[in-house]
Amino acid sequence: MNSTLAYIFLMINIIFSVSSSNALTFKLIHRDSPQSPLFQPNLSNLQSYLREIKTSKTRVSYLKSLTNLETKFHKTIFKRSLSVTSSFFTINLPVGVPETKTALVFDITSPLTWMQCKPCKQCFKQKLPIFDPYKSQTFRRMYRKHTQLAKLFNCTDYECTYDVDTRSILSSIGSVSIEKFKYISKDLVFGCGTRNDLAFHPTETGVTGVLGMANFNTSFIRQLADNRDDARFSYCLSSSWRKSSILKIGGDDLISNERHNVQTTKFLRGPIRGKSLRGGEYRLKLIGISVAGKRLDIPINFEYSGCIVDTVSPVSALDVWAYQNVMNAISGYFARFKNVKRLMHKKYWDKLCFKYPRGFSDFPGMVWHFEGANLEVNGTNLFLFGNDLFGSRFVCLQLLGHSKTNILGVYQQRNVRFLFDLENEELSFVQKSC
């Protein structure tokens with residue numbers, strides 16, 4: 001299996017249950033867990049850090065492109081899906097009767113679920129069997145007058161087609177179809193791809209497609225939403241990848257036990273500076289940043305496109321002005337300690353890393369100030385900790401700077417339960433030991 005893909009997938013070992021809130025519950029297994037088939041026991045802390053930075057840079061460039069596009073409700077919406085080289089979670093959600101296992105990338109910015117299908121005219125090699133619609137008793141193709149969703153695709157009286165193009169990294173062309181997914185009571189629309197491509201042509205990949213969870217009519221979560229309680233999902237990511245994390249879909253009260261500490265902020269919708277932001281990604285209004293308890297002086301244009309919440313990018317990204325302010329604040333904070341030194345190396349000169357002595361624990365935290373809510377990120381989630389860089393204990397800032405782009409990545413979401421309420425267009429979150 002291609003080593004690039006091996007380290008970028010997070011496998012989700014799925015378990016189904018119906019809780020008192022009628023939520024679908026899934027168990028998430030991290031790619032660095034010994035339980036995962038993608039586990040790499042010999043990966044050093046530094047290698048892990050550089051891997052995550054590389055993955056995040058690819059993802060940030062893709063998400064920025066969403067801001068630069070004026071997304072409207074027509075067929076071209078599906079030219080904005082996922083770069084598989086950046087994938088961070090997958091979910092095994094069996095499809096069809098009889099069932100075919102899948103490993104779908106979990107992406108909350110993608111508006112369409114799709115998978116590779118036979119007969120494959122052009123497919124990348126996958127470990128699991130390719131879905132064969134002709135062997136499924138419940139498979140049907142969508143046509144022009146089939147459902148209201150047909151108007152979003154290229155349709156004739158006999159079929160509808162889609163074309164996913166992720167800027168030469170991953171692409172899929174195929175038929176829009178309807179099928180039964182395990183644990184789901186209703187049949188769902190998805191893309192059955194017969195022409196699919198990965199730019200770097202790995203010998204084999206663990207991915208079979210994408211599970212689209214964006215706030216858009218054709219997404220997996222939106223199709224499930226028969227009532228307001230169904231249009232919700234939540235997840236809680238553990239700080240230890242050896243411990244399972246949890247994803248829940250639907251249900252009437254997903255964070256009831258922590259209600260008194262919950263903070264809530266609205267999704268950012270509508271045009272900003274002439275750009276339409278109705279593509280379905282979850283954006284929040286980010287109005288400020290604090291480091292080590294001090295609010296930073298950041299220009300107002302840092303709010304340009306809001307902040308995208310993402311489940312694919314390992315680390316977060318800030319607009320370059322905000323990022324530089326954060327870098328300066330952290331450098332100034334550590335300058336107070338004579339036994340903490342900046343690590344400078346020609347290979348990693350642009351990474352903010354520090355070596356520290358045994359027993360040191362005064363690592364600064366960070367607060368993301370959203371409109372009406374504050375997300376606290378402690379030092380454990382802000383830095384990568386290791387002891388194999390130049391033989392010293394070290395920390396490296398897990399943050400990127402990128403022009404006019406703000407993204408809340410996976411590492412800065414750990415030990416927080418997030419609830420996405422699509423009906424009320426708001427995100428609620430609460431600190432929790434996941």
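The values are calculated or read from the model by the stated rules, or taken from the named source; none is laboratory data. Since this is a predicted model, take the numbers as computed values, not measurements. Ideal geometry is used to build each Cβ from the backbone, glycine not excepted, and the neighbour counts take in all protein chains shown.
Observations on the structure shown:
- Here the range 385-434 is the region considered, the condition is being part of a loop (DSSP other than H, G, I, E, B) and hydrophobic (A, V, I, L, M, F, W, C), and the residue that is nearest to A214 (Cα to Cα) is L422.
- Residue check, D163 in contact with a Phe, Trp or Tyr (Cβ under 7 Å, 6 or more places away or on another chain) and in a strand (DSSP E or B): yes
- The range 335-350, subset surrounded by 10 or more Cβ atoms within 10 Å (Cβ to Cβ) and among the hydrophobic types (A, V, I, L, M, F, W, C), residue modelled with the lowest pLDDT: L343
- Residues (within 22 Å of T90 (Cβ to Cβ), surrounded by fewer than 15 Cβ atoms within 10 Å (Cβ to Cβ) and not charged (D, E, K, R)) located in the range 123-145: P129
- Condition check for G386: surrounded by fewer than 15 Cβ atoms within 10 Å (Cβ to Cβ) and either modelled with pLDDT of 95 or more or under 28 Å from Q431 (Cβ atoms) (or both): no
- Flag for N227 being at pLDDT below 90, more than 19 Å from the chain's Cα centre (by Cα) and surrounded by 17 or more Cβ atoms within 10 Å (Cβ to Cβ): no
- Residue under evaluation V189, criteria (1) in a strand (DSSP E or B); (2) in contact with a helix residue (DSSP H, G or I) (Cβ under 7 Å, 6 or more places away or on another chain); (3) at pLDDT below 90, criterion not met: (3)
- Across the range 100-115, the qualifying residues are those that are surrounded by 24 or more Cβ atoms within 10 Å (Cβ to Cβ) and among the hydroxyl-bearing types (S, T, Y), and the one among them that is farthest from E179 (Cα to Cα) is T109.
- With respect to the stated conditions, R242 is over 23 Å from T264 (Cα atoms), at pLDDT below 80 and among the basic types (K, R).
- Selected residue (only one of L93, L63, L82 is among the aliphatic types (A, V, I, L, M), more than 15 Å from G174 (Cβ to Cβ), in contact with an Asp or Glu (Cβ under 7 Å, 6 or more places away or on another chain) and modelled with pLDDT of 65 or more): L63
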